[in-house]
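Every read-out reported here was derived from the displayed coordinates using simple, explicitly stated rules and does not represent laboratory data. None of these values were measured; they are calculated from a predicted model. Note: ideal-geometry Cβ built from the backbone for every residue, glycine included; neighbour counts use all protein chains shown.
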Amino acid sequence: MNEIVALAGIQLVEIAAGLMHERKLGMKLENRGGAIFISNIAPGSPAVKAGLLKDDEIIGVNGIRTDANISDLLESFSDSSCQVLISSGKRIRQVDLIYDAKNYWSRYSFTSLEKLSANQVSFRKKWLWQ
């Protein structure tokens with residue numbers, strides 16, 4: 001894709017998710033009345049590998065009860081793995097989450113290259129009908 005848009009002097013830039021649990025664990029969280037629930041899980045992510053499911057409630061991380069500051073709590077244990085206490089349906093279970101180097105929930109943006117060749121300028125003019 002980058003090779004194609006480079007013809008017009010444009011590059012595709014990955015913007016990693018800002019929250020560590022989205023970026024490295026592949027799960028999105030939401031606060032529901034003070035309780036923290038998993039609202040979405042990226043396919044193939046550490047959250048999937050640990051057996052987490054959408055709507056599981058996260059009760060604790062490494063023995064510490066969670067609250068609205070769960071992002072900070074997960075960030076503080078981001079070395080390699082953490083143990084998460086989950087309420088899933090009527091069961092409470094503990095799972096190991098292993099942080100991944102891959103970025104989940106990335107977004108992408110197009111940006112213009114700083115210096116354009118004559119071919120890129122010509123292509124861009126034709127493409128944009130200028």
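The lysine pair count for segment 1-122, using Cα distances under 23 Å and pairs eight or more places apart or on different chains, is 11.
Between Ile59 and Leu85, Ile86, Ser87, the built amide H atoms are under 5 Å apart, and every one of these is 5 or more places off in sequence or on another chain.
Computed 3J(HN,Hα) for segment 105-120, one whole-Hz value per residue from the Karplus formula 6.51 cos²θ - 1.76 cosθ + 1.60 where θ = phi - 60°, is 6, 6, 10, 10, 9, 9, 10, 7, 5, 5, 10, 9, 7, 4, 5, 5, glycine and proline marked x. Each helix, a run of at least 4 DSSP H residues, gives -39500 (n - 2.57); summed and divided by the residues of the chain, these come to -5000 deg cm²/dmol at 222 nm. Scoring 34-43, 113-122 by mean Cβ neighbours within 10 Å over their residues and listing the highest first yields 34-43, 113-122. Measuring between their Cα centroids, segment 51-130 and segment 19-39 lie 10 Å from each other.
For the pair Ser109 and Ile59, what calculated FRET efficiency results from E = 1/(1 + (r/R0)^6), where r is the Cβ-Cβ distance and R0 = 35 Å, to the nearest 0.05? After rounding to 0.05, the efficiency reads 0.45.
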